[in-house]
Amino acid sequence: MSRFSMLAAGLVLASHNVFAQPPMVAEAPLRAHLDFLSDDLLEGRGTGQRGGALTVRYLETQAKAIGLKPVAGDSYRQPVKVIGIRALPTSSVRFEAGGKTLTPVARTDIVFGNANGKSEVRIDAPIVFVGYGIDADDEHWDDYKGSDVKGKLLIMMVNDPKPTAAEPNRFGGKSLTWYGRWAYKYEEAVRQGAAGVLLIHTTESASYGWSVPANGFGDDKFHLAGPGNALQGWITEEMARTLFSAAGKDLDALRAQAEVRGFKAVELDALMHATVNSAIRQVEQFNVAGMVPGTDPKLKREAVIYSAHWDHLGMGAANGKPDHIWNGAIDNASGTAALLAMAQAAVRQPAKRTQIFLWPAAEEQNLLGSLAYVRNPLWPLARTAADLNLDSMNFVGKTRDMGVAGSERSSLYASAAKVAKSMGLRLAPATPDLAGSYFRADHFSFAKAGVPAFNVGGAVFSGDGLFEFANDQKGSSARMVGFKDHYHQVSDDYNPEWDLSGMVQQAQFTLNLGYEVANAKSMPTWKANDPFRQVKR
């Protein structure tokens, strides 16, 4: 063989092998980014706060230094316009029922605000109990059928209709579906043209105590511009029972009726009178995105997205002490840092498809950054192969298995199994998603838009509303489970003694999976029976 032929053969072999082994993620840059992003200097990376602006500036600077290319135009930023709404103490709600006037006490019996961006809202509306407030074609369930609820206050239960002996798998069986989440119920109330919506709180159905909604409505609630409920919030079970009784109805009997397919909404002999006064502020936040262009002439028009939200809870009062900082080291400086380290590796070895690294804003405000992205995508969703999300990562050392909950909805599960085997890992066994973890991180915005997506190797929410990690080893279990005591607390700080080998392993698995998808002949597909398969890309 001539020297030229040998050289040509070597080039062909090199071009073939360039996709055989994805590049390696290094621990040093990951740790450095994690340390910086969770520093007091960034003031907890709060939405609408100075620390958030500093974080965006850091991410776009790092993206440029790493060698990522802007996805659209010449900027790494994607504007996300949000509205901050805080109900003022002058707001009030009262009920008229059976000749009685009931005045629930704010934060004790009821919490509420508005989501339509108006500083003053006045509502006088009849009250309707709509069961679970679900309209789901795929479950053959419609709590609104035959009822006109426009201009009325809707009172509904959270969670899903319970499985029965005849239908053990309806609404996910033991797992919570999207229809059980409070966010879905608020959205459906808007679609139905309701005057407002109140959810009946029980610790069992919500998976957390009354203090969670009570405290959550004390600060600004952020929303994207657009339609929203004039009033939305929660009511305690005790207050709901008092209201229904005054209206001549048995709450428990109605709840039992609502478990039966074919339930029809029940209008109470009651009225709500509400005044919602709100402080409104317009805030511009930014998603940050950069890409590694693909190498294949055709496949480079398609893209794999890696995502991790950069925001946390920012600065505010805690335990009576002002200006406390929620640094959010694990949630989610860990994922933010991991994506930077992954991008640094990826630029050295592009894949056939384009790879996009996306840092969404305002995830802690109900996934607003990722929702804004799918409404105005930088890359066409029809040509987006998958979104692989990282949130609250492993900080206690290497693992033997990897959590892939949600991947079973699509062909991504088979791809994840292939990658796990190549890394000497096992996939963590599936467990019922009791608190709807799949719907609580940025990948879900992509899933709702029809893009196969899941949170890779991350946390699963437990029944108390906090979470445990799916991908831990026995020796590290106590520290992993113990993180729930620091979740959304000011104690979620960076510790330089953390063993980040497991975090690097998780980042490497995610990058390897991304390369598996990016170099495959075809894009991932949803399973035939998955409801998100119905969404056209």
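The values are calculated or read from the model by the stated rules, or taken from the named source; none is laboratory data. Please read these numbers as outputs of a predicted model, since none were measured by experiment. In this analysis, Cβ positions are derived from the backbone assuming ideal geometry, glycine residues included, and neighbour counts consider all displayed protein chains. What goes into the accessible areas is simple: the full protein's heavy atoms, side chains included, and nothing from ligands, DNA or RNA. Shrake-Rupley method; radii C 1.70, N 1.55, O 1.52, S 1.80 Å.
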Index of the failed condition, Gly406 passing every other in (1) open to solvent by 20 Å² or more (accessible area, probe 1.4 Å); (2) small (Gly, Ala, Ser); (3) under 30 Å from Pro79 (Cβ atoms): (1)
Residue check for Val292: out of contact with any Asp or Glu (no Cβ under 9 Å at 6 or more places or on another chain) and open to solvent by less than 60 Å² (accessible area, probe 1.4 Å): yes
Test: residue in segment 516-536 that is out of contact with any helix residue (DSSP H, G or I) (no Cβ under 6 Å at 6 or more places or on another chain) and closer than 25 Å to Ala32 by Cα: no
Tally, over segment 348-357, of residues that are touching a Leu at 6+ places or on another chain (Cβ under 8 Å) and either among the aliphatic types (A, V, I, L, M) or within 24 Å of Ser437 (Cα to Cα) (or both): 2
Conditions (1) under 25 Å from Val283 (Cβ atoms); (2) free of Cβ contacts under 8 Å to residues at least 24 places away in the same chain; (3) open to solvent by 80 Å² or more (accessible area, probe 1.4 Å); number of the one not met by Lys81: (2)
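Here is a yes/no grid of residues against (1) assigned to a strand (DSSP E or B); (2) within 17 Å of the chain's Cα centre (by Cα); (3) of a type in the set (Gly, Ala, Ser); (4) modelled with pLDDT under 95:
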residue	(1), (2), (3), (4)
Ala333	no, yes, yes, no
Met342	no, no, no, no
Arg348	no, no, no, no
Ala351	no, no, yes, no
Ile356	yes, no, no, no
Trp379	no, no, no, no
Ala385	yes, no, yes, no
Leu388	yes, yes, no, no
Positions within segment 301-313 being surrounded by 18 or more Cβ atoms within 10 Å (Cβ to Cβ) and either in a strand (DSSP E or B) or modelled with pLDDT of 95 or more (or both), in sequence order: Glu302, Ala303, Val304, Ile305, Tyr306, Ser307, Ala308, His309, Trp310, Asp311, His312
Residue identified as modelled with pLDDT of 90 or more, surrounded by fewer than 21 Cβ atoms within 10 Å (Cβ to Cβ) and outside any helix (DSSP H, G or I) among Gly218, Gly193, Gly233, Gly226: Gly193
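Could you tell me which of the residues Phe446, Phe454 is at pLDDT 55 or above, assigned to a strand (DSSP E or B), open to solvent by less than 30 Å² (accessible area, probe 1.4 Å) and closer than 30 Å to Gln534 by Cβ? Even if it seems obvious, please write down each step before you answer.
Working: Phe446 fails: assigned to a strand (DSSP E or B).
Unique residue meeting the criteria: Phe454.
Return yes when Val396 is β-branched (Val, Ile, Thr), surrounded by 21 or more Cβ atoms within 10 Å (Cβ to Cβ) and touching a Leu at 6+ places or on another chain (Cβ under 7 Å) and no when it is not.
no
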Extreme residue, farthest from Val517 (Cα to Cα), among residues of segment 410-427 that are touching a Pro at 6+ places or on another chain (Cβ under 8 Å) and of a type in the set (Ser, Thr, Tyr): Ser410
Candidate set from segment 516-537 (those that are in contact with a Phe, Trp or Tyr (Cβ under 9 Å, 6 or more places away or on another chain) and in a helix (DSSP H, G or I)); member that is surrounded by the most Cβ atoms within 10 Å (Cβ to Cβ): Ala518
Condition met for Ile280 (in a strand (DSSP E or B) and farther than 18 Å from Leu68 by Cα): yes
Complete set of residues in segment 259-299 that are more than 30 Å from Pro360 (Cα to Cα) and under 28 Å from the mean Cα position of the chain (by Cα): Glu259, Val276
